[in-house]
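Only the coordinates and a few stated rules stand behind these numbers; no lab work does. All values derive from a computational prediction rather than experimental measurement. Please note: Cβ atoms are built from the backbone with ideal geometry, for glycine as well, and neighbour counts cover all protein chains shown.
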Amino acid sequence: MITHRIAGPLFRFEKALDNMIAGNLNDIIHLREHDEGKDLAEKINIFNHGLSQALHTISTESGVVTDLLAKARSHNFQDEKEPGLAVIHDKIAESTEKIHRAAAAFTRRDE
């Protein structure tokens with residue numbers, strides 16, 4: 001009986017951590033009433049939730065930056081007094097795309 005109260009949670013922790021390693025943050029660890037490790041499960045769940053929210057914000061805001069860059073690109077940079085503006089724009093766009101790809105590598109709870 002006691003081993004089930006320990007072995008079951010260990011199996012759930014391992015499964016959740018394997019999913020986290022694979023980029024899936026959707027797991028919520030649910031333990032039975034008398035299982036051991038409820039504090040650890042709660043901390044993992046809180047971490048996944050917080051990381052999911054942060055990645056959602058990063059993804060959303062990188063989309064906003066991408067949209068703003070598209071609007072800025074519609075202006076003719078050749079007419080600007082500062083010729084390096086096009087280069088700066090392109091570097092921002094490149095960095096924003098990298099941020100977006102990094103955030104998109106995870107499956108979040110909000111998806």
For the chain, what is the calculated [θ] at 222 nm in deg cm²/dmol (nearest 500), taking -39500 (n - 2.57) for each run of four or more DSSP H residues and dividing by its residue count?
-24500 deg cm²/dmol
Rounded to 10°, Cα long-axis angle of helix 38-73 versus longest principal axis of the chain
10
Under 19 Å between C-alpha atoms, the lysine pairs in the stretch 2-104 lying 8 or more places apart or on different chains count 5
At 7 Å along Cα-to-Cβ for each site, give me the label-to-label distance between A93 and E42 in nm.
4.9
Report, by chain and number, residues whose modeled amide H sits under 5 Å from the one on N24, excluding near sequence neighbours (fewer than 5 apart, same chain).
T107
One finds, for E33 and A105 with R0 = 35 angstrom and r their Cβ-Cβ distance, a FRET efficiency to the nearest 0.05 of 0.45
What fraction, in whole percent, of alpha-carbon pairs in the chain exceed 25 Å separation?
45
Rounded to the nearest 0.05, what FRET efficiency is calculated for H49 and I6 with R0 set to 35 Å and r the Cβ-Cβ distance?
0.90
